[in-house]
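Nothing in this text is a laboratory measurement; each read-out follows from the coordinates by a stated rule. Here the structure is a predicted model, which is why all the values come from computation and not from measurement. Please note: Cβ atoms are built from the backbone with ideal geometry, for glycine as well, and neighbour counts cover all protein chains shown.
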Amino acid sequence: MAKSRIIKELVNDDIGVGKALYRLMLIADDIGDKSLFDWAEKEISGYNEEDEVPEYRKISTGIIRYSGINGRMQITNTPLPDYYLPEEIRGSIRVTNIFDGIEGIERFSNSDDKLIKDLTSLAPHVYSLSGGIQCTSISFFVDSSAVSNILSVIKTKAIKVLLKLEKEFGNLDDLDITDEQISGTDLQKLYKELKLIVYDNSVQIGDGNTIKESSFRTGVDK
């Protein structure tokens, strides 16, 4: 069977991931898959801070830098060793959750900017654990390549979902799944299979979790 145009366009980068997600929303509405609809909508518009973002939107790679005074030396944008941070938060503080919608992610992926999370509130802890380093700023810098990986994951998931839908209902070019096509389909089984593609073992939207270490801003590592 010839592949649906939407799949070929997405694979060949003839359309953006956002446009494919909008089309997925239409298909999800036709088949009554609220989980798929909500996922596509969240990826388009972005997640709220009360949402638990999927694992692929959690970045833990990067470097912590500080500016301030170390002894008699004025320090600017210098790496800060982890042992100057409270032991109980050394792992979690490096986790940056990306809440932006797909357009924001695409914009970061195509830029040389850095994602920068402000950690200056940890200055008193650094002063205590280092024996006197006075930080005027502490930041966690994330390379834009890490955000590009998020875009790649979303695109791959969208392609897998579309392939599964095409296998189930046939060509998707009309973007309409008719009642006739749906009849005889085990929708509950299909919903579970699509959910597995979308979320893997990630925590799903609406589980009541709250993300604390999440904010970032754009900037340049000078």
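Largest GNM mean-square fluctuation across GLY32, GLY71, GLY62, computed for the chain with C-alpha springs under 10 Å, falls on GLY71.
Pairs over the 25 Å Cα-Cα cut-off, from the set LYS19/LYS167; LYS42/LYS114; LYS58/LYS167; LYS117/LYS157; LYS19/LYS58; LYS58/LYS155: LYS58/LYS167; LYS117/LYS157.
Send over the Kirkwood Rh of the stretch 1-84, from the inverse of the averaged 1/r over different Cα pairs, rounded to one decimal Å. Radius from the Kirkwood sum: 17.0 Å. Dividing the summed -39500 (n - 2.57) terms of all DSSP H runs of n ≥ 4 by the residue count of the chain sets its mean residue ellipticity at 222 nm at -13000 deg cm²/dmol. Applied to the stretch 178-187, the Karplus parametrisation 6.51 cos²θ - 1.76 cosθ + 1.60 on θ = phi - 60° returns per-residue 3J(HN,Hα) values of 7, 4, 5, 5, 6, 4, x, 8, 7, 5 Hz, with x for Gly and Pro.
Comparing mean-square fluctuations of ASN110, ASN12, ASN77 from a GNM of the chain with C-alpha springs under 10 Å, the top value falls on ASN12.
With the biggest extent put first, the Cα atoms of the stretch 57-147 measure 44, 27, 16 Å across the principal axes.
Look at the alpha carbon pairs under 8 Å that are at least 6 residues apart: their mean separation over the length of the chain gives a relative contact order of 32 percent.
With Cβ to Cβ distances under 10 Å as the rule, what net charge do the other residues near ASN171 carry (K, R +1; D, E -1)? Kindly include the intermediate steps, with their values, before the conclusion.
On the way: positive: LYS3, ARG5; negative: GLU166, ASP173, ASP174.
So the environment of ASN171 carries a net charge of -1.
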